[in-house]
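J.: Got a structure for you, written out below as structure tokens; questions coming shortly.
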Amino acid sequence: MASSLIDHLVEYRGIESNYTDAWGKAATIDPNTKQKLLGVMGYDVDDAEKLQVQADEDVKTSWLNPLNPVQVLRTGDTIQLALRLPIELVNDQYLIRIMTEQGDNLSHALTPVDEQLINVIHIDGIEFQEYLIDLPFGLPLGYHELALTIDDDEIANMRLIMAPKSCYKPKTIIDGNKIWGLSVQLYCLRSEHNWGVGDFSDLAYLLEKAAKQGAQFVGLNPIHALYPANPDACSPYGPSSRRWLNFIYIDVTALDGYQSAATQHIVDDANFQRELASARANELVDYPAVTRLKLQALSAIFEYQNSQYLNKNTKLNKAFKAFVEEGGESLQTLAVYDALQENLAAQGKPSWGWPVFPAEFSDFQKPAVARFIKKNATRVKFFLWLQWQAALQLAAANEVAAANNMCIGLYRDLAVGVSEGSAEIWGNKDLYCTNASVGAPPDVLGPLGQNWGLPPMDPEKLYQQRYQPIIDLFSANMQATGALRIDHVMALLRLWWVVKGDSAKQGGYVYYPVDDLLAILALESHKNQSLVIGEDLGTVPEEIRDKLADNGVYSYRVFFFEQAKDGGFYSPGHYPTQSMSTLTTHDMPTLTGYWHCYDLELGKELGLYPTEEILQELFVSRHENKQAILDTLHAHKSVGDEIGIDVNYVGMSTALNFGMQKHMAGGSSELLSLQLEDWLQMDKPVNIPGTFKEYPNWQRKLTRNLQGIFDDPMLNELALSLTEARKNAST
């Protein structure tokens, strides 16, 4: 009985039993893993009686709610919904009222017994019946509220979401134009004025200069909020909140109040200037130093603005209050979390994240947190203000792109999750399974599998919360942008869950409501006029690739992964048109690093390969791949005779580097993204997957200032040739 019940719950909660691995082989999930995954979802798998009670409660909860929490439809769909009632109520007359997002009221009277009966169940001796209700009207795109009433009393409600059939595309791309752009890690940017980390003013400058060279977009790393009081936690893919921004990108010198006497007194201090000069000169981003310097100056600027504007009836204060009101509880949660973490760190208490906070502060809803907010209202207001200033500067950068007629402008990157100690989880623990982490099964990039330390959302709780968390995520990350790249887009279909204490390869897949999530993505894409790119690398089932394509989501095609079975590289001219192609990514070596096998040498130093035999196989494979690359470059006349044909005698050179970029520019993908690192022929990667402290991930800066990059005639010539190649490739 217990085994049968567990099997039922495994299927009910979307836990996969079999999958195809990265090498195309059938793989089976260990039954013990499936049972443990149920455990982290809250099921008492070690007690058969309690487990049966929980399973019965699941059924009862569903049937005792007359309506589902949410229903997602596409344009043209018949509006049908399920209605569940005790048998003694099915002969009554009800009224369904719909308030559309646009403010219109619609209503429809019905008697359930006259509708189509689809299911019957008995609970505690009472018969419940489920009917399929057809609503005789259409709905516009948007989020609509439906209420079931009887005699003007509301007895149930639900959200109805009407979405378009596919995501938004700019007209210039629909018209057949193929475009290119640059991808950058914003923190990597060097400039003559920044404070040791790239900022939003650097981004505006980059957008303007790139646009003049023919680029139509600049793609960013995730710029999500991290941890002001824990600056060493610098991975953009392990944020505190994915809805809000990393304040470190604020250009302090551009703010009203920077020139105030109090701020200048701080900035002009000899020790401050010494630290600032060191942060600028450092080859790596010194996050603790940059954070300390910026917080000092920003605190002084806030005090100036707070006294001058934000405590008075000014236009600025009204705008600030409107921003805070629109941000709602999510913004308030982050600001309180940042203030509380800072306060605990200042006292020398454990503070890396809420799991080590004192018990009274372990949850946003705790009474002690409310008291903290009241006592520290000004500091909480400061962190709210930081988010406001970051949003304003990001929007200003996007306006530069629009002013320069970039058809996309900025594109942002949405991380797959938040870290364990995040504000996002602190404010909504019910949504997350904190005893598990998402990652990836063993594949080519990670033969041991990967554990990313990011607790997954529970798909059932996401559904019960009417998909609001995912709506907020898509909406927030599409603001002030023309495109959104979704990291590990397979998460919309399934995620690899790893139970705490297990190795990554001991995990299992959990499925998500992919059709609903893709519909919401399409709706937000149109609301924000944002093109969507899905990073579909790794272990990817064909079903998700087909769904993404049908929904207008751009595939992500990396040159080094586009190989035929015989080892040859596919011509970029054969890539799907609805794709963004690239040579390499932030998780891979640069072109120079790849060609000279620096990544394999680094991996050996860091102990990333289980055996010497595996490493040697990788070296052999790399040698063969490089020869195949030379073969395809020469076959397509992407490089000249100055580049040899025998890999044993061809090192990376400017001609080979630029030739590979031009080779990609002639391809069929509508979007082409190239890394600034490869323009500069850098050899060190920005990130090595599978490492933590072993390598300075997310810290390596570019080797040249932005000003120097765009003053380089050779790089300007490369940009112009890319623009020309894209025009020639357009239909």
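J.: Quick one: what are the phi-derived ³J(HN,Hα) couplings along segment 698-711, Karplus 6.51/-1.76/1.60 with θ = phi - 60°, whole Hz, x for glycine and proline?
T.: Listing the rounded values in order: 6, 10, 5, 8, 5, 7, 9, 5, 4, 4, x, 4, 8, 9 Hz.
J.: Counting other Cβ atoms within 10 Å of each Cβ, which trypsin sites (Lys or Arg not before Pro) in segment 658-731 have at most 15 and sit in a DSSP loop?
T.: On the way: sites: Lys662, Lys693, Arg700, Lys701, Arg704, Arg726, Lys727; in loops: Lys693, Lys701, Arg704.
Of the trypsin sites (Lys or Arg not before Pro), the ones in loops of segment 658-731 whose Cβ has at most 15 other Cβ atoms within 10 Å are Lys693.
J.: Return the loop-located GluC sites (Glu not before Pro) in segment 671-725 (DSSP other than H, G, I, E, B) with at most 14 other Cβ atoms within 10 Å of their own Cβ; answer none if there are none. Could the numbers behind the result be given before it?
T.: Numbers: sites: Glu677, Glu694, Glu717, Glu724; in loops: Glu694.
Sparse-neighbourhood loop GluC sites (Glu not before Pro): Glu694.
J.: For a quick check: with amide H placed at 1.01 Å from N, whose amide H comes under 5 Å from Arg700's, ignoring anything fewer than 5 positions away on the same chain?
T.: Val285
J.: Follow-up question, since we're still on this one. Quote the charge dipole size of segment 76-163 about the Cα centre in Debye, to the nearest 20; the model charges only the Cβ of Lys and Arg (+1) and of Asp and Glu (-1). The partial results should precede the final answer.
T.: On the way: 3 positive and 16 negative charges, 61 e Å.
With Lys and Arg at +1 and Asp and Glu at -1, about 300 debye.
J.: Over 23 Å between Cα atoms: which of Lys34/Lys461; Lys312/Lys375; Lys321/Lys461 fall into that group?
T.: Exceeds cut-off: Lys321/Lys461.
J.: For segment 655-677 and segment 385-400, write down the distance between their C-alpha centroids in whole Å.
T.: 31 Å
J.: What are the trypsin sites (Lys or Arg not before Pro) within segment 358-456 that DSSP puts in a loop, where the Cβ has at most 11 other Cβ atoms within 10 Å?
T.: Numbers: sites: Arg371, Lys374, Lys375, Arg379, Lys381, Arg412, Lys429; in loops: none.
When the trypsin sites (Lys or Arg not before Pro) of segment 358-456 are filtered for loop state and at most 11 Cβ neighbours within 10 Å, nothing remains.
J.: Here is a follow-up. Can you divide the C-alpha Rg of the chain by 2.2 N^0.38 Å and report the result to two decimal places? All intermediate terms of the calculation are to be shown ahead of the outcome.
T.: Numbers: Rg = 27.2 Å, N = 731, 2.2 N^0.38 = 27.0 Å.
This ratio for the chain stands at 1.01.
J.: Using the 2.2 N^0.38 Å rule of thumb for compact globular proteins, work out how segment 550-694 stacks up: its C-alpha Rg over that value, please. Before the final figure, lay out each step's value.
T.: Numbers: Rg = 15.6 Å, N = 145, 2.2 N^0.38 = 14.6 Å.
That works out to 1.07 for segment 550-694.
J.: List, in order, the whole-Hz ³J(HN,Hα) value for each residue of segment 422-433 obtained from phi through the Karplus relation with A = 6.51, B = -1.76, C = 1.60 and θ = phi - 60°; use x for Gly and Pro.
T.: Per-residue couplings from phi come out as 7, 5, 4, 6, 3, x, 8, 4, 4, 7, 10, 9 Hz.
J.: Report the far tail of the P(r) of segment 206-362, meaning the percent of Cα-Cα pairs longer than 18 Å. Show your work: numbers first, answer last.
T.: Values: 8495 of 12246 pairs.
The share of Cα pairs beyond 18 Å in segment 206-362 comes to 69 percent.
J.: Just how large is the dipole of the chain about the Cα centre, in debye to the nearest 20, putting +1 at every Lys and Arg Cβ and -1 at every Asp and Glu Cβ?
T.: On the way: 59 positive and 92 negative charges, 464 e Å.
With Lys and Arg at +1 and Asp and Glu at -1, about 2220 debye.
J.: Same structure, new question: Given a Förster distance of 41 angstrom, what is the FRET efficiency for Ala319 paired with His574, based on the Cβ-Cβ distance and rounded to 0.05? Intermediate values should be presented prior to the final figure.
T.: Details: r = 50 Å, r/R0 = 1.23.
Efficiency, from the Cβ-Cβ distance: 0.25.
J.: For the chain, what does the helix formula give at 222 nm: sum of -39500 (n - 2.57) over DSSP H segments with n ≥ 4, over the residue count, nearest 500 deg cm²/dmol?
T.: Details: 23 runs with 281 residues, N = 731.
Estimated from H runs of four or more residues: -12000 deg cm²/dmol.
J.: Now for a separate question. For segment 58-104, which semi-axes, largest first and in whole Å, follow from the square roots of 5 times the eigenvalues of its Cα gyration tensor? Before the final figure, lay out each step's value.
T.: Details: eigenvalues 112, 47, 23 Å².
Each semi-axis is √(5λ); the values are 24, 15, 11 Å.
J.: Right, next: Tell me which residues come under 5 Å, amide H to amide H, from Val532 once H is placed; ignore anything under 5 positions away on its chain.
T.: It is Leu484, Tyr554, by chain and number.
J.: For Lys565, which aspartates and glutamates qualify as cross-link partners when the Cα separation must be under 16 Å and same-chain residues fewer than eight apart are set aside?
T.: Cross-link targets: Glu624, Asp631.
J.: Lysines near Lys604 by alpha-carbon distance under 16 Å, same-chain residues fewer than 8 away left out - which ones?
T.: The qualifying lysines are Lys684, Lys693.
J.: Read phi for every residue in segment 568-575 and hand back ³J(HN,Hα) as whole Hz from Karplus 6.51 cos²θ - 1.76 cosθ + 1.60, θ = phi - 60°, with x for Gly and Pro.
T.: x, 9, 5, 5, x, x, 9, 5
J.: Further question: Relative contact order for segment 76-163 using alpha-carbon pairs under 8 Å, separation at least 6, rounded to a whole percent?
T.: Values: 174 pairs, mean separation 28.8, N = 88.
Normalised by residue count, the contact order of segment 76-163 is 33 percent.
J.: Counting DSSP beta bridges in the chain, what percent are antiparallel, to the nearest 5?
T.: Numbers: 55 of 89 bridges.
Given both bridge residues lie in the chain, the antiparallel proportion sits at roughly 60 percent.
J.: For Lys318, which lysines qualify as cross-link partners when the Cα separation must be under 23 Å and same-chain residues fewer than eight apart are set aside?
T.: The reachable lysines, counting only those whose Cα sits under 23 Å from Lys318, are Lys374, Lys381.
J.: While we're here: When Thr481, Thr585, Thr611 are ordered from fewest to most other Cβ atoms inside 10 Å of their Cβ, what list results?
T.: Working: Thr481 24, Thr585 19, Thr611 9.
Least crowded to most crowded, the residues run Thr611, Thr585, Thr481.
J.: Given H placed on each backbone N at 1.01 Å, which residues far from Trp180 in sequence or on other chains put an amide H within less than 5 Å of it?
T.: Placed amide hydrogens put Gln216, Leu672 under 5 Å from Trp180.
Where a number appears in this text, it was derived from the coordinates with a stated rule and is not lab data. Fair warning: this is a prediction, and the values are worked out from it, not measured in the lab. We place every Cβ from the backbone using ideal geometry, glycine too, and count neighbours over all the protein chains shown.
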